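What follows is a short report on a single structure.
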Amino acid sequence: MNTPGQAGRYRAGIIGLSGIAAMRRGFESHPALGNVQVGSHAAAYHLVPETDVVAICELRTDLFDTFRDTWGDVWPDVRAYTDYREMLAQENLDLLSVATSDHVHADMVVDAAAAGVRGIFCEKPIATTLADADRMIAACEQHGVALSIDHTRRFKGLWHEVRDVVRSERLGRLRSITLSMAYPRAMLFRNATHMIDMLGFLSGSEPEWVVAELDDGFEDYGPVYAGDGGHDPRTDPGGYALLRFRNGVRAQIIMPQTKIGTISGFEIICDRGRIHVGDHGAEVWEPSADESAAYQRTLPTAPYNFDGQRSGIEELVQHVAAHDAGREPPAPLVSPGSAGRQTLEIILGILRSQHEGNAKITFPLAGDI
């Protein structure tokens, strides 16, 4: 642990250097929307002045040179490891990003918690089995570690504004949410996890049951994950599902793997209005004061927030700083391990429904999965 009160006082490490882990782009503020687009874990640490990346870990050693070429002006003395356990033993880290393949998060998070890391930002999905998710959550609870899952929409103001409208019941009771995503990489565990996570976020409830059918070609897939860590869409299906939450909200999931570019959005139906929401804004249809007509308004009213990773790292810094000061953090984690586990359970329920002939699957899931 570094000395509190200094800039860069929290020592950070990153496991996994491809994709979302280490890109550097988009540091200019958007002239209309205001905020910075970050795009990676490394960029997030760069923009949070209390943190320094002191160590990186990756099996592909060629990515060490890539990282130094990209970030050497910021962290010229970063140390590189091919064994994450050695990095944990040597570096006395405060914060850790786990940005590896989907199915190998668990041991890294468990070992980091035991090694004294105090805040962990883990890529989504939390894991690919509930057993792994449970031991990750248990290890972090045992050692007092803040575990946050990078379901990025949870860190963006737009989605909180939409949820605030729903919770206010100005549109009446929430009835249904339809999730649509058509994309060559509409993969349950790799990309669709972001969208499915929003169903729990917006509904404010736990799942009760699901009925599902996977894309053509995946008839024999499941009931467990059979992917390659998030690389090949042929190993991670898209599909369709009807989901009921315990508070009575119904959700429809329409998520085929297609050859077209990304099409995604949510249609939220309430008793007296509706909301259509995508990543860059939302339209709200609500009744006039005398309920004689409906009118439309646009969200967000606050500046659009691009930088989900930065918000996640800032939140972990706040939690660690609060612990250092002997006080409670300013708010619960926005994307805690428990929420990541719920999203994973829904995804596994979809696989089990397909495996059991499109049967209705009730939650919590039974069996060792």
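Grab the DSSP H runs of the chain that are 4 residues or longer, score each as -39,500 (n - 2.57), total them, divide by all residues and round the 222 nm result to the nearest 500 deg cm²/dmol.
-9500 deg cm²/dmol
FRET efficiency for Ser168 and Asp324, Cβ-Cβ distance as r, R0 = 41 Å, nearest 0.05?
0.70
Which FRET efficiency value, to the nearest 0.05, do you get for Leu47 and Arg68 by plugging their Cβ-Cβ distance into 1/(1 + (r/R0)^6) with R0 = 25 Å?
0.85
Remind me, relative contact order of the chain in percent, using alpha carbon pairs under 8 angstrom and six or more residues apart?
20 percent
Which number do you get for Rg(Cα) / (2.2 N^0.38 Å) in region 200-259?
1.28
From the Cα gyration tensor of region 94-243, with a ≥ b ≥ c the square roots of its eigenvalues, which class applies: rounded if a/c is under 1.5, or else prolate if a/b is larger than b/c, or else oblate?
oblate
Which percent, nearest 5, of DSSP beta bridges in the chain are antiparallel?
The antiparallel proportion sits near 60 percent.
Determine the gain in length on full extension of the stretch Lys259-Tyr295; use 0.36 nm per residue of separation and subtract their C-alpha separation, reporting nm with one decimal.
Between Lys259 and Tyr295, full extension yields an extra 9.4 nm.
Only counting other Cβ atoms within 10 Å, I'd like Lys124, Lys360 sorted with the fewest neighbours first.
Lys360, Lys124
In the chain, once you exclude exposed GluC sites (Glu not before Pro) (DSSP loop, at most 16 other Cβ within 10 angstrom), what's the longest stretch remaining?
With a cap of 16 other Cβ atoms within 10 Å, the longest stretch comes to 29-168.
Please report Met195, Met255 as a ranked list, fewest other C-beta atoms within 10 angstrom at the top and most at the bottom.
Met195, Met255
Can you tell me the 0 to 90 degree angle between the C-alpha axis of helix 130-143 and the longest principal axis of the chain, rounded to 10?
Helix 130-143 sits at roughly 50 degrees to that axis.
Can you give me the angle between helix 105-115 and the longest principal axis of the chain, using Cα atoms only, in degrees from 0 to 90, rounded to the nearest 10?
50 degrees
Round to the nearest 10 and give me the degree value, 0 to 90, for the angle of helix 192-203's Cα axis relative to the longest principal axis of the chain.
60 degrees
When 1/r is averaged over all different Cα pairs and the result inverted, which Kirkwood radius in Å belongs to the chain?
This gives a value of 21.4 Å.
Express in nm, to one decimal, how much length is gained between Asp216 and Asp228 on full extension, taking 0.36 nm for each residue of separation and deducting their alpha carbon distance.
Roughly 2.4 nm would be gained on extension.
Which one, Val117, Val98, Val78, has the greatest fluctuation when you compute a Gaussian network model over the chain with C-alpha springs under 10 angstrom?
The residue that fluctuates most here is Val78.
Classify region 40-157 from the C-alpha gyration tensor, please: rounded if a/c falls under 1.5, else prolate or oblate depending on whether a/b exceeds b/c.
Note, shape of region 40-157 comes out prolate.
Under a cut-off of 24 Å between alpha-carbon atoms, report the lysines in cross-link reach of Lys156, not counting same-chain residues fewer than 8 places apart.
Lys124
Can you give the net charge of the other residues whose Cβ lies under 15 Å from the Cβ of Thr178, counting K and R as +1 and D and E as -1?
+2
Trypsin sites (Lys or Arg not before Pro), restricted to region 228-283: which are DSSP loop and have at most 16 other Cβ atoms within 10 Å?
Arg246, Lys259, Arg272
For Leu344, what is the net charge nearby, where nearby means another residue's Cβ is under 12 Å from its Cβ and Lys, Arg count +1, Asp, Glu -1?
That works out to -3.
What are the ³J(HN,Hα) values, in whole Hz, obtained from phi via the Karplus relation 6.51 cos²θ - 1.76 cosθ + 1.60 with θ = phi - 60°, for each residue of region 315-329 in sequence order, with x given for Gly and Pro?
The phi angles translate into 5, 5, 4, 4, 5, 5, 4, 4, 4, 4, 8, x, 10, 6, x Hz.
Place a point 7 Å from Cα of Leu242 in the direction of its Cβ. Which residues in region 176-219 have their backbone N less than 16 Å from it?
Once the point is set 7 Å along Cα→Cβ of Leu242, 176-179, 208-214 turn out to lie under 16 Å by backbone N, inside region 176-219.
Name the shape class, rounded, prolate or oblate, that the alpha-carbon gyration tensor gives for region 216-324, where a ≥ b ≥ c are the square roots of its eigenvalues, rounded holds for a/c under 1.5, and otherwise prolate holds if a/b is larger than b/c and oblate otherwise.
The shape class here is oblate.
In nm, to one decimal, how far is the modelled label at Gln252 from the one at Ile269, with both set 7 Å along Cα→Cβ?
Roughly 0.6 nm, to one decimal.
Taken together, the values in this text are just the output of simple stated rules run on the coordinates, not laboratory data. Just so it is clear, the structure is predicted and the values come from calculations on it, not from any experiment. We place every Cβ from the backbone using ideal geometry, glycine too, and count neighbours over all the protein chains shown.
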